[in-house]
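Coordinate-derived values only; no laboratory data. The model shown is predicted, which means the values in this text are computed figures rather than measured ones. Neighbour counts are summed over all protein chains in view; Cβ atoms, including those assigned to glycine, are modelled from backbone coordinates with ideal geometry.
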Amino acid sequence: MSVDLIKKIGVIGAGQMGLGIAHVSALAGYDVHLLDNNPDQADAALKKIEAHMNRRVEKGKMSQAEIVAALPRISTGTEMSAFGDCDIVIEAAVENEEVKKAILRQLCPVLKPEAIIATNTSSISITRLAAGTDRPEKFVGMHFMNPVPAMELVETIRGIATDPDTFNTITELSKKMGKSPVAAEDFPAFIVNRILMPMINEAVYTLYEGVGSVAAIDNAMKMGLHHPMGPLELADFIGLDTFLAVVNVLHEGLADSKYRPCPLLVKYVEAGWLGRKTGKGFYDYTGDGDPVPTR
């Protein structure tokens, strides 16, 4: 399928990533249908996207006229059947392989034969996900960075069966969304997370072993390397459950002990301390002032 034939984009998952993908797709001029199996989340999606866009206007990143044009292009719902007229559907559900496979099994029967499926997975095998669909040649990885509206990169990943035309279409679509695509091979965690996640995991080990406190580790990395966020602050932003899932994919997929998740990270996830989204992770976000380190 030529990128010029893409008119309507489906997005599965109205979480932070799905909202961002819908946001940039609508701004690029595409009709978008955003699905979530939680009716409350689906209903709230448009208000969240509008709020995100308004913040971009306040920062001078977009205009009010762009919001007026983009918002009517987005529809929301909870039924897979709404994807029947979509030219591409981007899956952006939780980073769990079995959940993604179950979604894909429901999705394939409602799609038109020429429709492309992309997954926003940050670590899981594209080849393996594609093999469970009826169109592995039209299946591709399209890994956006968080927050989607602000980050330039999209990692584009072809599975072993991905057709070259499909890959080229996704590459051109990324550009039309205002992104800079970088091709990555289908190895665990691709490029960015293959490098980033072990760095954050090592920061957690540094905390676990008592080399430094949360504040000391984050401040050292911000001041010493000019990182905009410290690694533990970034882990809270990503979500410690998502972070752990990616590290587990690296550990299991590459069978190398250097990727073993830190036991302290596992404990935080077991406690339900998942970062910003739950109000507590390596920092406590529940107070009125600045976040307070939890160790």
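Summary of values
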read-out: Count, lysine Cα pairs under 23 Å in segment 194-293, 8 or more residues apart or across chains; value: 5
read-out: Helical contribution to [θ] at 222 nm, DSSP H n ≥ 4, -39,500 (n - 2.57), averaged over the chain, rounded to 500; value: -13500 deg cm²/dmol
read-out: Lysine pair number, Cα distance threshold 18 Å (strictly under), segment 18-160, separation 8 or more or different chains; value: 5
read-out: Nearest 10 degrees, 0 to 90: helix 240-254 Cα axis against the chain principal axis; value: 80 degrees
read-out: Neighbour cut-off at most 12 other Cβ (10 Å), DSSP loop, GluC sites (Glu not before Pro), segment 1-103; value: Glu79
read-out: Those trypsin sites (Lys or Arg not before Pro) in segment 39-115 that DSSP places in a loop and that have at most 11 other beta carbons within 10 Å; value: Lys59
read-out: Calculated on alpha-carbon atoms, Rg and Dmax of segment 1-121 in Å; value: 14.1, 42
read-out: Space enclosed by the convex hull of the alpha-carbon atoms of the chain, per residue, Å³; value: 135 Å³
read-out: Cut-off 13 Å between beta-carbons: net charge of the residues surrounding Leu264, Lys and Arg +1, Asp and Glu -1; value: 0
read-out: Using alpha-carbon coordinates, inclination of helix 39-58 to the longest axis of the chain, degrees; value: 80 degrees
